[in-house]
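First the structure, then my questions, so here it is.
Every read-out reported here was derived from the displayed coordinates using simple, explicitly stated rules and does not represent laboratory data. Everything quoted here is computed from the prediction, not taken from an experiment. Glycine also receives a Cβ, built like all others from the backbone with ideal geometry; neighbour counts cover every protein chain displayed.
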Amino acid sequence: SIGATEKKCTIYNANTTCNITMPSITRSSYSIIGWSTNKNATTKTYGAYDTIAVSSNNTYYAITKKELTVTLNKNGATSIGSTKETCNIYNQTQSCSVSLPAITRSGYNINGWSTNKDDTLANYKVYSKLELTSSVTLYAITNKEVTLTFRENGASSIGATEKKCTIYNTNTTCNITMPSITRSGYSIIGWS
């Protein structure tokens, strides 16, 4: 809301201006910047309650700003380019954009960023532009594939010579089922 939609003053005799006081501006969750003759302005010409000298009719627009934040979580990564990115929505705009930073983790694949810390696929790529309509938290998504190789070592056969699993994000291990072992006339002890 604004304190008034119109204000008037009268210029008398030899005077060339008269004074008005700029009205108040209120907008929930937004910072109040002030007034400007440009409806797309991001800076003020006058503040709310400023008294100004006017000499002709003019239209002023309320200038407001809301800062949106992307909070970035390493989620197991060694480092990320930043822990926070911000952008501003001004006036009637509905969104603003940020660039997502790099993710570093030695020995791991970098998948990107996601809104869920347990995701295995990323919603957004590193360095991509993200259009924001509200503040959000994103988590780095990384993975490493682990391969176990199995040798017969005298056994007649084994169920597999190789098995793989993938470690994601903050996890330090992944699970596999050990393959079978067969050897006629021998007790099967297991794997070492």
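Between Trp191 and Asn116, what is the FRET efficiency for a Förster distance of 35 Å, r being their Cβ-Cβ separation, to the nearest 0.05?
Details: r = 35 Å, r/R0 = 1.00.
Efficiency, rounded to the nearest 0.05: 0.50.
Between region 74-105 and region 128-142, how many Å separate their Cα centres?
Region 74-105 and region 128-142 have Cα centres separated by 6 Å.
I've got another one for you. Mind checking which lysines have their C-alpha under 26 Å from Lys7, skipping anything on the same chain fewer than 8 residues away?
Reachable lysines: Lys39, Lys44, Lys65.
Full-extension gain between Lys125 and Thr173, please, as 0.36 nm times their residue separation minus the C-alpha to C-alpha distance. Show your work: numbers first, answer last.
Working: separation 48, 0.36 × 48 = 17.28 nm, distance 2.47 nm.
Full extension from Lys125 to Thr173 adds 14.8 nm.
Along the positive direction of the dipole of region 32-110 (beta-carbon charges: Lys, Arg +1; Asp, Glu -1; about the Cα centre), which of Ile63, Cys96, Asn109 reaches farthest?
The Cα lying farthest towards the positive end belongs to Asn109.
Once amide H atoms are built 1.01 Å from N in the peptide plane, which residues 5 or more positions from Ala160, or in another chain, come under 5 Å H to H?
Here Ser180 satisfy the definition.
Moving on to the next point. Mind listing the phi-derived Karplus ³J(HN,Hα) values for region 124-129, rounded to whole Hz, using 6.51, -1.76 and 1.60 with θ = phi - 60°, and x for any glycine or proline?
3J(HN,Hα) across region 124-129, in whole Hz: 9, 7, 4, 6, 6, 8.
At a threshold of 8 angstrom on Cα-Cα distance, excluding pairs fewer than six apart, so keeping six or more, what relative contact order does region 1-131 reach in percent? Write out the running numbers ahead of the final one.
Numbers: 239 pairs, mean separation 22.2, N = 131.
For region 1-131, the relative contact order is 17 percent.
Note down the magnitude of the dipole of region 54-176 about its Cα centre, charges +1 on Lys and Arg C-beta and -1 on Asp and Glu C-beta and zero elsewhere, to the nearest 20 debye.
Dipole size: approximately 160 debye.
Taking the chain as a Gaussian network, Cα atoms linked when under 10 Å apart, which of Asn75, Asn143, Asn153 shows the biggest mean-square fluctuation?
Among Asn75, Asn143, Asn153, the largest mean-square fluctuation in the Gaussian network model of the chain belongs to Asn153.
A further question on this structure: Which whole-Hz couplings ³J(HN,Hα) result when phi for each residue of region 67-73 is put into the Karplus expression 6.51 cos²θ - 1.76 cosθ + 1.60, θ = phi - 60°, listed in order with x for Gly and Pro?
Once rounded to whole Hz, the list reads 8, 10, 10, 9, 8, 10, 10.
Here's another thing I want to ask about it. Hey, in the GNM for the chain with a 10 angstrom Cα cutoff, which one of Gly76, Gly107, Gly47 fluctuates hardest?
Gly107
Now for a different question. Could you give the length gained by full extension between Ser29 and Lys8, i.e. 0.36 nm per residue of separation minus their alpha carbon distance, to one decimal place? Don't jump to the answer; show the numbers that get you there.
Numbers: separation 21, 0.36 × 21 = 7.56 nm, distance 3.02 nm.
Separation in residues times 0.36 nm, less the Cα-Cα distance, equals 4.5 nm.
Here's something else I'd like to know. Could you check the spin-label model distance between Arg151 and Thr16? Points 7 Å from the Cα along Cα→Cβ, value in nm.
About 9.7 nm separates the two model spin labels.
Taking square-rooted eigenvalues a ≥ b ≥ c of the alpha carbon gyration tensor, is the chain rounded, prolate or oblate, where a/c under 1.5 means rounded and, failing that, a/b exceeding b/c means prolate? Each step should come with its number before you reach the end.
Numbers: a/c = 6.97, a/b = 6.02, b/c = 1.16.
Here the chain falls in the prolate category.
Residue by residue through region 29-44, what is 3J(HN,Hα) from phi via Karplus (6.51 cos²θ - 1.76 cosθ + 1.60, θ = phi - 60°)? Round to whole Hz and write x for glycine and proline.
Values, residue by residue: 6, 10, 7, 8, 8, x, 10, 8, 7, 9, 5, 9, 5, 10, 10, 8 Hz.
Consider a paramagnetic label point 7 Å from the Cα of Ser97 along Cα→Cβ; state which residues of region 55-88 have an amide N under 18 Å from it.
Counting only backbone N, you get 68-70, 85-88.
How compact and how long is region 103-162, expressed as Rg and Dmax of its alpha-carbon atoms in Å?
18.9, 63
Near Ser95, within a Cβ-to-Cβ distance under 12 Å, what is the net charge of the other residues, with Lys and Arg +1 and Asp and Glu -1? Intermediate results must be reported in sequence, preceding the final value.
Numbers: positive: Lys66, Lys129; negative: Glu131.
Local net charge: +1.
By how many nm would the segment from Thr71 to Thr42 lengthen if fully extended, with 0.36 nm per residue of separation less the alpha-carbon distance? Mind dumping the intermediate values first?
Working: separation 29, 0.36 × 29 = 10.44 nm, distance 2.40 nm.
Gain on extension, Thr71 to Thr42, equals 8.0 nm.
Let me ask you something else. Test of understanding: in a Gaussian network model of the chain with alpha carbons linked when under 10 Å, which of Ser95, Ser106, Ser79 would top the mean-square fluctuation ranking?
Of Ser95, Ser106, Ser79, the most mobile in the Gaussian network model is Ser106.
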